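Okay, structure first, notes after.
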Ligand code: FAD
């Protein structure tokens, strides 16, 4: 039976197949021209890691992201590397760059010094975060004269004489932050960040789009009207994803475990399956009206590049001289 006949005669299909087709993961309308993507990278800690990041940036820069962000270690291990990575990317690419910044365990003065360093390095976009302090420290890891929450950090940046010059993103949690008192309290805390002057919300990654849709509606109902950009995690290694998700509170649906779990030893096949999963997720979000996507690239370009192409974002040739030793 042809696919066309299946679509037009759903009565002859099993219910599960009909429901799946009804979700229309593949283009139901022409590809839209108005999709925006952004990419997250992490600072490499080895020479080989620097080379991988260089190759990754070289491939993904061609998709003309609205910005590329570099993560920042709340524990202190990667902070200088973040600045160094941003400096190399600034030198060697035309990308709009964003530096992540955490405030936990630091005095307000120390945090502001990093803001100064970003500014003098030409980085005006900041992803403002609380970060996670090591468990068991005094005062929940907040320094006596530090910012206790990301909302305080956003206020701290906006209250600088040059505070309006910054473009500030903050984090949102479709499945609720694991340490939040309740889902409502989490939305209230997000609203506080927005009222403090955030420009957009980048979400934690998730795999069940219903979680995102519910979160989106609750944000809008709470008067949060800035862009809410879903964080998309193309799965490059399932075992690592499981470990990481347990820490950050992201749920891995059982169907994903069935699909990807047995494939860690077969990375080529896993990549193909993971690309399909990411593409279906983004297509479904497109149907919900989402036009901006933030990719957790894990410094690997293939799955993000494939998903961008499926979204209709085409690479354009760019003049780039990304150094071999990024970071
Ligand atoms: P906030 O906005 O201050 O809090 C968010 C919610 O968590 C609130 O509901 C708050 O009440 C609750 N909460 C947080 N901590 C506690 C606590 N200790 N006790 C009780 N409730 C608490 N981390 C990094 O270290 N470096 C990064 O570069 C980085 N980038 C990120 C990028 C994105 C897009 C996202 C979604 C997360 C990122 N994180 C990063 C992780 C982030 O630092 C943690 O999720 C952190 O726990 C909360 O940060 P926040 O800015 O959301 O905090």
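Residue under question is residue 230, and the condition is that it be closer than 21 Å to residue 177 by Cβ and crowded, with 16+ Cβ neighbours inside 10 Å; does it hold?
yes
Looking only at segment 287-303, count every residue that is more than 26 Å from residue 50 (Cα to Cα), modelled with pLDDT of 90 or more and either out of contact with any helix residue (DSSP H, G or I) (no Cβ under 7 Å at 6 or more places or on another chain) or crowded, with 20+ Cβ neighbours inside 10 Å (or both) and tell me the total.
Final tally of qualifying residues: 4.
So which residues in segment 133-173 are within 11 Å of the ligand (Cβ to nearest atom), assigned to a loop (DSSP other than H, G, I, E, B) and closer than 25 Å to residue 293 by Cβ?
Result: 173, single match.
Of the residues that sit in segment 174-195 and are touching a strand residue (DSSP E or B) at 6+ places or on another chain (Cβ under 8 Å) and in a helix (DSSP H, G or I), which one is farthest from the ligand (Cβ to nearest atom)?
194
On the basis of being more than 15 Å from the ligand (Cβ to nearest atom), closer than 27 Å to residue 64 by Cα, modelled with pLDDT of 95 or more and part of a loop (DSSP other than H, G, I, E, B), does residue 95 make the cut?
yes
Take residue 86 and tell me if it is near the ligand (Cβ under 9 Å from one of its atoms), at pLDDT 95 or above and under 29 Å from residue 247 (Cα atoms).
Considered against the rule, which asks whether it is near the ligand (Cβ under 9 Å from one of its atoms), at pLDDT 95 or above and under 29 Å from residue 247 (Cα atoms), residue 86 comes out as no.
Please work out which residue is nearest to residue 133 (Cα to Cα), limiting yourself to segment 60-83 and to residues that are within 12 Å of the ligand (Cβ to nearest atom) and assigned to a helix (DSSP H, G or I).
The selected residue is 79.
State which residue pairs qualify: first residue touching a residue at least 12 places away in the same chain (Cβ under 8 Å) and inside segment 269-296, second residue surrounded by fewer than 19 Cβ atoms within 10 Å (Cβ to Cβ) and not in a helix (DSSP H, G or I) in any location, beta carbons under 6 Å apart, and separation of 6 or more residues or different chains.
Pairs found: 280/25; 283/25; 291/34; 291/35; 292/36.
Here is a check on your reading of the model: is residue 251 away from the ligand (no atom under 14 Å from the Cβ) and either more than 21 Å from residue 279 (Cβ to Cβ) or touching a residue at least 60 places away in the same chain (Cβ under 8 Å) (or both)?
Considered against the rule, which asks whether it is away from the ligand (no atom under 14 Å from the Cβ) and either more than 21 Å from residue 279 (Cβ to Cβ) or touching a residue at least 60 places away in the same chain (Cβ under 8 Å) (or both), residue 251 comes out as yes.
Looking only at segment 196-210, which residues are without any contact (Cβ under 8 Å) to a residue 40 or more places away in the chain and out of contact with any strand residue (DSSP E or B) (no Cβ under 8 Å at 6 or more places or on another chain)?
Within segment 196-210, 210 is the sole residue that qualifies.
Please specify each residue of segment 251-286 satisfying the condition of being in contact with a helix residue (DSSP H, G or I) (Cβ under 8 Å, 6 or more places away or on another chain) and closer than 15 Å to residue 306 by Cβ.
269, 270, 271, 273, 274, 275, 277, 278, 279, 281, 282, 283
In contact (Cβ under 8 Å) with a residue 40 or more places away in the chain and within 17 Å of the chain's Cα centre (by Cα): is that true of residue 312 in this structure?
No: the conditions fail for residue 312.
The values are calculated or read from the model by the stated rules, or taken from the named source; none is laboratory data. Everything quoted here is computed from the prediction, not taken from an experiment. We place every Cβ from the backbone using ideal geometry, glycine too, and count neighbours over all the protein chains shown.
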